[in-house]
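In what follows, a single structure is set out as structure tokens and then discussed.
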Amino acid sequence: MNNFAETHRTVPIHPKILYYGTPVILLTTLNEDLTVNISPISSSWALGDHIILGLGINGKALENLKRMPECVINLPDASQWEQVEGLARLTGKNPVPVEKKGAGFIFEKDKFAHSGFTQAVSTTVQTARIAECPIQIEARVKHIRIPEDSPHFAIVETKSTQVHVHKELVAGEHYIHPSSWNPLIYNFRHYFGLSAELGKSYRSET
Ligand SMILES: Cc1cc2nc3c(=O)[nH]c(=O)nc-3n(C[C@H](O)[C@H](O)[C@H](O)COP(=O)(O)O)c2cc1C
């Protein structure tokens, strides 16, 4: 064993949870009766104007996206964690799927009323935005893939069609002020915000 491996010893484990710290999204999708559902999720990544989402196959979000392939990716900030957690046990699925029932989920039709969030009309999709979320990304679904060897979730590829940002976060015309934006981070099922800035990339223009 070299010196580096000795000072950074590892232990092989099979973690029950592998959510290593990603921003929380409140995904809004359109129900069959054109009301709007909210689904908290944390599995996503963005590259250019494409955002990839990881969605469980038993949730209302995926059912809605298959019927109406558009959504809004609303990003709450760290201060809104309790409102997010207030949605954690709720599903828009009725009846509640057996797997979700076992995990303590209950059906809630109106998650806006339940959480106290407010709907804002979108400009490029029918699904409403969440007015209180500082960043709201309207998007269309381009592709849904369910992995053959792991058919309990779907990889949903979306493309942003319009981004809305609370005014106080906007720097110049085309940037979001990194020091003003404090995303809510889901870190091994605990909620965190960001700590103070450490530095910036050589590519930063702000
Ligand atoms: C903070 C947080 C993060 C979550 N991340 C995901 C996720 O990435 N993907 C997912 O399918 N479910 C995730 N869930 C669970 C969903 O919220 C849950 O499946 C719920 O049923 C979604 O609501 P719906 O059934 O009305 O769509 C997360 C829940 C919480 C509270």
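The values are calculated or read from the model by the stated rules, or taken from the named source; none is laboratory data. Since the structure is predicted, the reported quantities are computational estimates derived from the model, not experimental observations. Using ideal geometry, Cβ is built from the backbone for each residue, glycine included, and neighbour counts are taken over all protein chains shown. Surface accessibility is based on the protein's heavy atoms, side chains included, excluding ligands, DNA and RNA. Shrake-Rupley method; radii C 1.70, N 1.55, O 1.52, S 1.80 Å.
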Requested in this report: Sum up the lysine pairs in the chain that clear both bars: alpha-carbon distance under 18 Å and a spacing of 8 or more or different chains.
Outcome: 17
Query - List 129, 145, ordered by accessible area with a 1.4 Å probe, largest first - result: 145, 129
Query raised in the report: Can you give the accessible area of residue 109 in Å² (nearest 10), computed on protein heavy atoms with a 1.4 Å probe?
Result: 90
Query raised in the report: Using a probe of 1.4 angstrom, how much of the accessible area of the range 65-174 is carbon and sulfur, in percent?
Result: 52
**Report entry** Accessible surface, per residue, of the range 139-206 when the full set of protein chains is kept, probe 1.4 Å, Å²
**Finding:** 77
Query - Pairwise label distance in nanometres, residue 52 with residue 82, each label 7 Å out on the Cα-Cβ vector - result: 3.7
Requested in this report: Kindly provide the GluC sites (Glu not before Pro) of the range 98-188 that DSSP labels as loop, not H, G, I, E or B, and whose Cβ sees at most 14 other Cβ atoms within 10 Å.
Outcome: 148, 173
Query raised in the report: Not counting the cut sites, what is the longest span of the chain without chymotrypsin sites (Phe, Trp or Tyr not before Pro) that DSSP labels loop and that have at most 14 other Cβ atoms within 10 Å?
Result: 20-187
Query raised in the report: Working out 0.36 nm times the residue gap between residue 22 and residue 67, then minus their Cα-Cα distance, what length gain in nm do you get to one decimal?
Result: 13.5 nm
Query raised in the report: Which FRET efficiency value, to the nearest 0.05, is calculated for residue 187 and residue 35 with the Förster distance at 35 angstrom and r the Cβ-Cβ distance?
Result: 0.65
Report summary line: So for R0 = 35 Å, FRET eff. of residue 10-residue 149 from the Cβ-Cβ r, to 0.05, ends up at 0.85
Query - Sites residue 173 and residue 101, calculated FRET efficiency, Cβ-Cβ separation with R0 45 Å, nearest 0.05 - result: 0.40
Query raised in the report: Separation of the range 153-183 and the range 54-100 by C-alpha centroid, Å?
Result: 20
Query raised in the report: Which trypsin sites (Lys or Arg not before Pro) in the range 158-206 pass both tests, a DSSP loop state and at most 15 other beta-carbon atoms within 10 Å?
Result: 189, 200, 203
Report summary line: In nm², the average projected area of the convex hull spanned by the Cα atoms of the range 19-182 is 10.0
Requested in this report: Taking the dipole about the Cα centre of the chain, with the C-beta of Lys and Arg at +1 and of Asp and Glu at -1, give me whichever of 153, 206, 88 is farthest to the positive side.
Outcome: 153
